[in-house]
Amino acid sequence: MSKICIIGDRDSVIGFMAIGFSVHEAEDVQTASDILSTLASDEENAIIFIVENYAMALEEQIAKYKDFPTPAIIPIPGKDGSTGYGMANIKHAAERAVGTDILFKE
């Protein structure tokens, strides 16, 4: 069975335990990087959410997985709110998939 994981600081991720996510607390970027490497190498992990501040710092590491179907690594806002990084990544992924900007048309 595929798992959904989340990486981030305790305050940002602890609530996801209640809905069955595999929660991984990281106190700093290096710890988040180590956890991400471990989770991404496990084929059971289909989706890995990571708080935006760590995702921004680990952009090169995350980019290695963009062309693989799993795991999908998705930045999400942390306890301090959104930086816009996660939404920008979703927009870019949609553009890659369909060849044009289908989101945020004005």
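Summary table below
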item: Count of residues meeting criterion [buried (at least 17 other Cβ atoms within 10 Å of the Cβ) and of a type in the set (Val, Ile, Thr)] in region 24-35; result: 1
item: Any chance Ile14 is touching a strand residue (DSSP E or B) at 6+ places or on another chain (Cβ under 7 Å) and either surrounded by 15 or more Cβ atoms within 10 Å (Cβ to Cβ) or among the small types (Gly, Ala, Ser) (or both); result: no
item: Unmet requirement for Ala93, which otherwise passes all of (1) open to solvent by less than 30 Å² (accessible area, probe 1.4 Å); (2) more than 14 Å from Ala26 (Cβ to Cβ); result: (1)
item: Selection within region 70-81 - exposed (fewer than 13 other Cβ atoms within 10 Å of the Cβ) and closer than 27 Å to Thr38 by Cβ; result: Asp80
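Conditions (1) without any contact (Cβ under 8 Å) to a residue 12 or more places away in the chain; (2) at positive phi; (3) open to solvent by 30 Å² or more (accessible area, probe 1.4 Å), marked per residue:
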| site | (1), (2), (3) |
| --- | --- |
| Ile47 | no, no, yes |
| Tyr54 | no, no, no |
| Glu59 | yes, no, yes |
| Asp67 | yes, no, yes |
| Thr83 | no, no, yes |
| Ala97 | yes, no, yes |
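The values are calculated or read from the model by the stated rules, or taken from the named source; none is laboratory data. Keep in mind it's a predicted model, so treat the numbers as computed, not measured. Using ideal geometry, Cβ is built from the backbone for each residue, glycine included, and neighbour counts are taken over all protein chains shown. Heads up: the accessible areas ignore ligands, DNA and RNA and are worked out on the full protein's heavy atoms, side chains in. Shrake-Rupley method; radii C 1.70, N 1.55, O 1.52, S 1.80 Å.
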